[in-house]
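A short write-up of the structure that comes next.
The values are calculated or read from the model by the stated rules, or taken from the named source; none is laboratory data. None of these values were measured; they are calculated from a predicted model. All Cβ positions, glycine included, derive from the backbone under ideal geometry; neighbour counts span all protein chains shown. For accessibility, only protein heavy atoms count, side chains too; no ligands or nucleic acids. Shrake-Rupley method; radii C 1.70, N 1.55, O 1.52, S 1.80 Å.
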Amino acid sequence: MAKGRAPTGISEFDAMLNGGFMKGDCVLVTGAAGTGKTNLALQFLYNGVVKYGENAVYVTFEQMPDQIYRDAKNLGMNLEKLEEENRLKVISTSPDVLVQNQDMISEFSSERAERIVIDSISYFELSRKNSVRDEIYTLIRYLKTKGATSMLLHEAQADTTHGFGPYDHGLSFLADTVVVLKYVEIESAIRRAVAILKMRGSDHEKTLREIRITSKGIEVGGSFEQWEGVLSGAPHKSFALRVSKAFGGI
């Protein structure tokens, strides 16, 4: 497996990862619709090409390439230009075709793909009759043999505990790193949060951090240090803060 780090190019998020993902690892990013999964994936790929000189592939089961180009362009990323330069590929296919021809995601001109995004593995659950776990395990093993740093997106139900649903298929065990994106409601306002549940072979930040989706992509803000129970979906002011207020503190 390749050594070193694969930074996302999002400085605060990379700090949470102690410098970035481990090169050659498989990253599972799970969250409800609209929590920022695609934005994170696009920044991971685009910055990988532009900032770190790595070839990248975006595999989508849901959208046509034009939709991916449009979404990226709204974030200031010109994927079409990178494709013309043979530094990036956008592939629109189906789980059936991908399972039968996995080499389609590693064949990259004369060079290998170093960053790969699969959007999303939830489509295996919808379209495949065989074991979802076995097929995704085979895909992960294939990506690892190619030395790629891969990111698998997973659509979690909004009401799933922790906003995280892949436990049923053991997907959290198969992945090297698990990132959760989640909506949280605090004082009648909907906010977004990110947490790193695990990261094999590396230390990482354990706190839950707020994220914002801007015209330039994802920005990571501060922690929810004054709140408890945010990840479980039932946030309340921390015990220490309640005691401080009771005794005249701020």
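Looking at Glu62 and the list (1) assigned to a helix (DSSP H, G or I); (2) more than 25 Å from Gly20 (Cβ to Cβ), which single condition is not satisfied?
(1)
Of all residues being under 18 Å from Val27 (Cα atoms) and modelled with pLDDT of 95 or more in the range 203-212, which is least open to solvent (accessible area, probe 1.4 Å)? Just the residue, please.
The extreme case among them is His204.
Which condition number does Ile118 fail, the rest of (1) at pLDDT 90 or above; (2) farther than 20 Å from Ile91 by Cα being met?
That leaves (2) as the condition not met.
When Ser150 is evaluated against the numbered criteria (1) among the polar types (S, T, N, Q); (2) closer than 26 Å to Gly20 by Cβ; (3) over 19 Å from the mean Cα position of the chain (by Cα); (4) surrounded by 13 or more Cβ atoms within 10 Å (Cβ to Cβ), which criterion, by number, is the only one it fails?
That leaves (3) as the condition not met.
Filter the range 20-35 for residues that are farther than 20 Å from Leu143 by Cα and surrounded by 21 or more Cβ atoms within 10 Å (Cβ to Cβ) and give the result. Give the steps one after another, and end with the answer.
Residues of the range 20-35 farther than 20 Å from Leu143 by Cα: 31-35.
Hits for the range 20-35 are Gly31, Thr35.
Of a type in the set (D, E, K, R) and either open to solvent by less than 20 Å² (accessible area, probe 1.4 Å) or in a loop (DSSP other than H, G, I, E, B) (or both) - does that describe any residue in the range 110-118? Explain how you work it out, then say what you get.
Step one: filter the range 110-118 for residues of a type in the set (D, E, K, R), giving 111-112, 114-115.
From what's left, either open to solvent by less than 20 Å² (accessible area, probe 1.4 Å) or in a loop (DSSP other than H, G, I, E, B) (or both): 114-115.
Checking the range 110-118: at least one residue is of a type in the set (D, E, K, R) and either open to solvent by less than 20 Å² (accessible area, probe 1.4 Å) or in a loop (DSSP other than H, G, I, E, B) (or both).
Pick from the range 8-48 the residues that are polar (S, T, N, Q) and under 9 Å from the mean Cα position of the chain (by Cα): which of them is nearest to Ala156 (Cα to Cα)? Walk me through it before giving the result.
Initial filter on the range 8-48 (polar (S, T, N, Q)): 8, 11, 18, 30, 35, 38-39, 43, 47.
Narrowing the set further to residues that are under 9 Å from the mean Cα position of the chain (by Cα) leaves 30, 38-39.
Numbers: Thr30: 6, Thr38: 13, Asn39: 16 Å.
By that ranking, first place goes to Thr30.
Working only within the range 213-236, note down all residues that are within 15 Å of Ser11 (Cβ to Cβ), at pLDDT below 95 and in contact with a Gly (Cβ under 9 Å, 6 or more places away or on another chain).
Once the filter is applied, which keeps residues that are within 15 Å of Ser11 (Cβ to Cβ), at pLDDT below 95 and in contact with a Gly (Cβ under 9 Å, 6 or more places away or on another chain), the range 213-236 yields Lys216, Gly217.
Select from the range 73-109 the residues that are assigned to a strand (DSSP E or B) and free of Cβ contacts under 8 Å to residues at least 12 places away in the same chain and list them in ascending order. Full working, then the answer.
Of the range 73-109, the ones assigned to a strand (DSSP E or B) are 88-92, 107-108.
Passing the criteria: only Glu107.
With respect to Glu125, determine if the residue is surrounded by 16 or more Cβ atoms within 10 Å (Cβ to Cβ), assigned to a helix (DSSP H, G or I), acidic (Asp, Glu) and over 17 Å from the mean Cα position of the chain (by Cα). Steps first, please.
Values: surrounded by 16 or more Cβ atoms within 10 Å (Cβ to Cβ): yes; assigned to a helix (DSSP H, G or I): yes; acidic (Asp, Glu): yes; over 17 Å from the mean Cα position of the chain (by Cα): yes.
Yes: the conditions hold for Glu125.
Kindly indicate whether any position in the range 153-165 is modelled with pLDDT of 85 or more and loosely packed, with under 15 Cβ neighbours inside 10 Å.
no
Among the residues of the range 173-202, how many are farther than 26 Å from Ile140 by Cα, open to solvent by 20 Å² or more (accessible area, probe 1.4 Å) and either β-branched (Val, Ile, Thr) or in a strand (DSSP E or B) (or both)?
Initial filter on the range 173-202 (farther than 26 Å from Ile140 by Cα): 183-193.
Remaining after also requiring open to solvent by 20 Å² or more (accessible area, probe 1.4 Å): 183, 185, 187-192.
From the residues that got through so far, the ones that are either β-branched (Val, Ile, Thr) or in a strand (DSSP E or B) (or both) too are 183, 185, 189-192.
Residues that pass the stated criteria total 6.
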